[in-house]
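Before any comments, here is the structure.
The values are calculated or read from the model by the stated rules, or taken from the named source; none is laboratory data. Predicted model, so just to flag it, every value in this text is computed and none were measured. Ligands, DNA and RNA are excluded from the accessible area calculation, which covers all protein heavy atoms including side chains. Shrake-Rupley method; radii C 1.70, N 1.55, O 1.52, S 1.80 Å.
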Amino acid sequence: MCAGEARDIGNVDFTNGENGTVVTVHVSRSDDGMYTVHLMPMCDDDQIHVELQRGKDLAVIEPSTSRPV
(Lines give C-alpha, C1' and ligand atoms only; values in the text may rest on other atoms or scores of the structure.)
Protein backbone atom coordinates (compact mmCIF):
# COMPACT_ATOMS: atom_id res chain seq x y z
CA MET A 1 0.00 0.00 0.00
CA CYS A 2 1.26 3.43 -0.84
CA ALA A 3 1.36 6.14 1.79
CA GLY A 4 -1.11 8.96 1.48
CA GLU A 5 -2.78 11.66 3.47
CA ALA A 6 -5.41 10.65 6.02
CA ARG A 7 -8.25 11.94 3.85
CA ASP A 8 -7.09 9.69 0.99
CA ILE A 9 -7.20 6.37 2.89
CA GLY A 10 -10.04 4.61 4.72
CA ASN A 11 -9.51 1.59 6.99
CA VAL A 12 -11.96 -1.03 8.21
CA ASP A 13 -11.05 -4.02 10.40
CA PHE A 14 -13.23 -7.13 10.23
CA THR A 15 -13.12 -9.36 13.30
CA ASN A 16 -14.04 -12.93 14.19
CA GLY A 17 -16.14 -14.13 17.15
CA GLU A 18 -13.13 -13.85 19.49
CA ASN A 19 -12.66 -10.16 18.52
CA GLY A 20 -9.47 -10.97 16.58
CA THR A 21 -8.86 -9.13 13.32
CA VAL A 22 -9.44 -11.36 10.28
CA VAL A 23 -8.72 -8.79 7.56
CA THR A 24 -8.09 -5.07 7.30
CA VAL A 25 -9.42 -3.31 4.21
CA HIS A 26 -7.91 -0.04 2.97
CA VAL A 27 -9.43 2.07 0.22
CA SER A 28 -7.30 4.81 -1.29
CA ARG A 29 -7.77 7.24 -4.13
CA SER A 30 -4.90 8.11 -6.45
CA ASP A 31 -4.19 11.40 -8.21
CA ASP A 32 -5.88 10.10 -11.39
CA GLY A 33 -9.17 9.54 -9.51
CA MET A 34 -8.94 5.73 -9.45
CA TYR A 35 -9.76 3.84 -6.24
CA THR A 36 -7.63 0.95 -5.02
CA VAL A 37 -8.86 -1.61 -2.48
CA HIS A 38 -6.10 -3.19 -0.38
CA LEU A 39 -6.84 -6.38 1.58
CA MET A 40 -4.47 -7.20 4.42
CA PRO A 41 -5.38 -10.67 5.75
CA MET A 42 -4.47 -11.53 9.32
CA CYS A 43 -5.30 -15.21 8.81
CA ASP A 44 -4.14 -18.08 6.58
CA ASP A 45 -4.37 -17.57 2.81
CA ASP A 46 -6.74 -20.53 2.45
CA GLN A 47 -9.26 -18.73 4.69
CA ILE A 48 -9.71 -15.78 2.30
CA HIS A 49 -12.03 -15.78 -0.72
CA VAL A 50 -12.23 -12.50 -2.68
CA GLU A 51 -15.16 -11.53 -4.92
CA LEU A 52 -15.58 -8.33 -6.91
CA GLN A 53 -19.27 -7.65 -7.54
CA ARG A 54 -20.51 -5.14 -10.12
CA GLY A 55 -24.23 -5.23 -10.71
CA LYS A 56 -24.95 -8.69 -12.07
CA ASP A 57 -21.29 -9.45 -12.85
CA LEU A 58 -19.06 -11.33 -10.43
CA ALA A 59 -15.30 -11.81 -10.56
CA VAL A 60 -13.73 -14.29 -8.15
CA ILE A 61 -10.08 -13.71 -7.35
CA GLU A 62 -8.36 -16.98 -6.46
CA PRO A 63 -4.90 -17.25 -4.88
CA SER A 64 -3.81 -19.64 -7.64
CA THR A 65 -4.64 -17.09 -10.36
CA SER A 66 -3.28 -13.96 -8.73
CA ARG A 67 0.32 -12.90 -8.88
CA PRO A 68 2.55 -10.98 -6.50
CA VAL A 69 3.77 -7.58 -7.70
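With a 1.4 Å probe and every protein chain kept in, tell me what percent of the accessible surface of region 8-63 is carbon plus sulfur.
50
State the extension gain, in nm to one decimal, for the chain segment bounded by N11 and H49, taking 0.36 nm per residue of separation less the distance between their alpha-carbons.
The N11-H49 span can extend by a further 11.8 nm.
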